[in-house]
Each structure stands twice: as structure tokens, then as C-alpha cells.
Amino acid sequence: MKVKGLIVCLFCAVLATAQNRHTLPDTIYTKDLKGTVSTDDYLLELIAEQSRQLHENDSLFVLAIAEQRRIDSLRRDSMILDSLKKINKDIDVLPPTVAKLAIKKSWIKDAEADRQDVLIAIRNYKSPWRKGANVMVQLTQNYVTKNWYQGGNTSFSMLAIAQGHINYQSNKFSWQNTGEWRGGFSTISGDTCHKVNTSEDYFRLYSKAGYEFYKNMFSIISAEYMMNLLPTYQENSTNLKTGFASPIRFNLAGGVDFRPVKGLSVIFNPIAYKLVYVMNTTKTNPNDFGVEQGQNKLSEFGSSIRVDYLWKPVREFTMDTRFYLYTNYERVEIDLEVTGNFIINRFLTARVSLHPRYDNTVIFEGDAKAKVQFKELLSIGFSHQFR
């Protein structure tokens, strides 16, 4: 009986978790399926299957008691399992009788994150839509008195990040939509015109729709919109580096997306359209964005390559890598951003960001040439996820 086998596997997972809580393998081998499957996917599918059976009024409690007697033998014959993620003792979807029998306080440490993972998996099983958001505020502060023997200046900086995504996934078709706003502010030593300046600011929307025409190969169309919202000034000057809607960048491309492993996307766009618009050409220099003097926009076609990779070896650490290259066959724009996020506890995170960039689409005066730009950030602060 299908439900019967599912309950057995669930109890095996719970007992194995109690015996070895510190190792969490990525995959498990199941004799029933004759192969290796992802530990996370296997557990969440079990819970989702139980949810379906509950709606069919099956008596899971009776089946659980019958299968509990076979746990020891089935653990040896049916599954080689080092450990499995902890399940929260108050899973809402299980009947109270089953919860008391299968999930005991002595077996499993209460973890809200695990409970949420299970509930989200059940919700995702019923709908092809996936959504989530994250808010992060990180601070850096340094205070130095004027008579400090080594000198120095008092400084303060803040970085706020808001991210969200709404994705759709079916058998062959996928549609990914992400939005992000970043705002960074810092005090400036030696700037007599500004006490606080904007160190980072942009609003970005990215959308990608793809259809799988071959294994892990998708034909896609993608669009990206970026806009500056806040003013940034040149040091000791009222002249703007960037301002509201100065610039606005828009990219539209079509090509092939290769996704060989989970979290990795390699996109080649043989046709890519680029638009740069500068609303305020009076106080900002349009040449800084590749726009000729006397004009307020740049419109051209070229090709682009984009690589996105999200690596999550453990729950407490993720590394997000984004690479982008665009060329109009005369000049090139290259952007690489590598960000590491460390989870300290439920509300505190640390962030390391490395961001090199090269852009010779900028119009320089005289004999000046493009050079590699680089930005680095190390911060700690508050973070919260909405799922």
C-alpha cells in the first residue's frame, strides 16, 4: 500500500535523525526507488503525499502503529540513511494522534525553520507559483575623538536591501521574476558640501521566461530594468554623479539558457537590445553612461552573456554569483558580483560583497582610457525572510 510505505519511510527518517543530528547528507539511497534522490526533495515529497492522503480521509494513525513494528528491519533493507533534516514537533498538517506517535520531543529538536520548509513544500505542491522576500539592514560605525593619538575620522555607513521574487514553474515552462532595491549611505571625511552621501542606490527588475526544448536547455526571452532613485554627488561639489532616473538602463534579449545543475544558469543571447536614458543632463554628465553630449539616450543592439549561480553548501551560508557581459562589437561592458551571506541567527546576518567592473562604453575626454572598477563591502546587521 502506497500510504503504508510512505509512513515507514517517514519513521525511518525520524529515527535516523535522532541518532545522528549533526550530519546532513545531500542525497539518500532508497531500495524502493532503486537509486539516489535528494534528501530534501524526498522528505518534502513524503509530507506532501501525506497531506494528499489526509484529504482522502485515510487513517494514518492506524497505519503508523502497524508499520512501527517493522522500523528496524526496513531501516537496514530499504534505506541507507545517515541523517535527515529535523522535523518540527508541531507540524500542522498531521493529525494530533500521528504527531504524538511519530514526532517525540526526545527525538527532535524544535526548529521553526524546518517546520516552515515542510509547510512551504506542501503549499508549493498545490500551486506552480513560488514567492518570497528578504529585507536586510546593515550598519558600520566608527567613532574617533579629535585628540586620538593616531588620528582618524568618525564615520558611519548603512546599507539597506529589499529583495523579492515571484516564479512560475510547470513541466516545461518557467517564468522567473525578481525585484531588488539597494540603498547605501555614508558620512564622508573631508567633504565640506555634504555630511552624508549616497554610496549605493538602484532599483532593479528582472524577468526571464523559458521553455525547455531539450534536457536542461531552455529557449528564453529576458528583460532587465534598472533605475537610480537617489542623488550621488561628486566630492566637495554640488554636481551630480547620478540622480533620479539618471540613468535608466533597459536590456531586452533572446537566446538559450543552459541549467546543468541546480542553482546554475548560463545564458547566451545572440541578440540583445540596450537602452540608456539620462533624464537630468544638466547636472549629470551623460558621457559617464555612454551617452553623447547634447543627447539624453543611447539605443543599440549587440550580444550578451549572463551567468547566475547560487551555491548553498549549508543552511548558514550562501554564495550568490552574478556575471554579465555585453558587447556592441566595438566596446564591452563586464560586471561581476560575488556575495557571501552568513547567517548568525534568525535575525542577524553578515555579508561580504566583491564587485569588480569594467566598462569602456563610457565616453572619456582626451587620452583617458577605461580602467577596472572595484567595490568591496563587509557588514553585519538585521535580516528577515518572508515566505
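Quick rundown of the values:
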item	result
Given (1) open to solvent by less than 50 Å² (accessible area, probe 1.4 Å); (2) farther than 30 Å from ILE188 by Cβ; (3) assigned to a loop (DSSP other than H, G, I, E, B), number of the condition SER265 does not satisfy	(3)
Positions within the range 358-387 being part of a strand (DSSP E or B), in contact (Cβ under 8 Å) with a residue 60 or more places away in the chain and hydroxyl-bearing (Ser, Thr, Tyr), in sequence order	SER379, SER383
Residue check, VAL256 among the β-branched types (Val, Ile, Thr) and assigned to a loop (DSSP other than H, G, I, E, B)	no
Matching option when the condition is free of Cβ contacts under 8 Å to residues at least 60 places away in the same chain, within 23 Å of SER299 (Cβ to Cβ) and either out of contact with any helix residue (DSSP H, G or I) (no Cβ under 6 Å at 6 or more places or on another chain) or open to solvent by less than 70 Å² (accessible area, probe 1.4 Å) (or both), among THR242, THR198, THR192	THR242
Condition check for ASN251: closer than 30 Å to PHE364 by Cα, modelled with pLDDT of 95 or more, polar (S, T, N, Q) and touching a Gly at 6+ places or on another chain (Cβ under 7 Å)	no
Residue ID - surrounded by the most Cβ atoms within 10 Å (Cβ to Cβ), chosen from residues in the range 224-239 that are within 26 Å of the chain's Cα centre (by Cα) and not in a strand (DSSP E or B)	ASN228
Selected residue (only one of TRP107, TRP129, TRP148 is surrounded by 15 or more Cβ atoms within 10 Å (Cβ to Cβ) and either modelled with pLDDT under 90 or over 30 Å from THR242 (Cβ atoms) (or both))	TRP107
Complete set of residues in the range 180-223 that are within 18 Å of the chain's Cα centre (by Cα) and basic (Lys, Arg)	ARG182, ARG204, LYS208
ARG351 being open to solvent by 40 Å² or more (accessible area, probe 1.4 Å) and part of a strand (DSSP E or B)	no
Residues that are open to solvent by less than 50 Å² (accessible area, probe 1.4 Å) and either in contact with an Asp or Glu (Cβ under 7 Å, 6 or more places away or on another chain) or at pLDDT 90 or above (or both), drawn from the range 364-387	ALA370
Residue check, SER379 farther than 22 Å from ARG306 by Cα, touching a Leu at 6+ places or on another chain (Cβ under 9 Å) and hydroxyl-bearing (Ser, Thr, Tyr)	yes
Subset of the range 331-340 [free of Cβ contacts under 8 Å to residues at least 24 places away in the same chain and open to solvent by 30 Å² or more (accessible area, probe 1.4 Å)]	LEU336, VAL338
Near pairs, Cβ below 6 angstrom, 6+ apart or cross-chain, from the range 160-176 (closer than 30 Å to VAL137 by Cβ and free of Cβ contacts under 8 Å to residues at least 40 places away in the same chain) to any residue that is open to solvent by less than 60 Å² (accessible area, probe 1.4 Å) and basic (Lys, Arg)	ILE161/ARG182; GLN176/LYS208
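Table: residues versus (1) surrounded by 16 or more Cβ atoms within 10 Å (Cβ to Cβ); (2) of a type in the set (D, E, K, R); (3) in a strand (DSSP E or B).
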{"site": "ILE305", "(1), (2), (3)": "yes, no, yes"}
{"site": "LYS312", "(1), (2), (3)": "no, yes, yes"}
{"site": "THR321", "(1), (2), (3)": "yes, no, yes"}
{"site": "TYR324", "(1), (2), (3)": "yes, no, yes"}
{"site": "TYR329", "(1), (2), (3)": "no, no, no"}
{"site": "PHE342", "(1), (2), (3)": "no, no, yes"}
{"site": "PRO356", "(1), (2), (3)": "no, no, yes"}
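The values are calculated or read from the model by the stated rules, or taken from the named source; none is laboratory data. If you're wondering where the values come from, they're calculated on a predicted model, not measured in any experiment. We place every Cβ from the backbone using ideal geometry, glycine too, and count neighbours over all the protein chains shown. Only protein heavy atoms, including side chains, enter the accessible area calculation; ligands, DNA and RNA are left aside. Shrake-Rupley method; radii C 1.70, N 1.55, O 1.52, S 1.80 Å.
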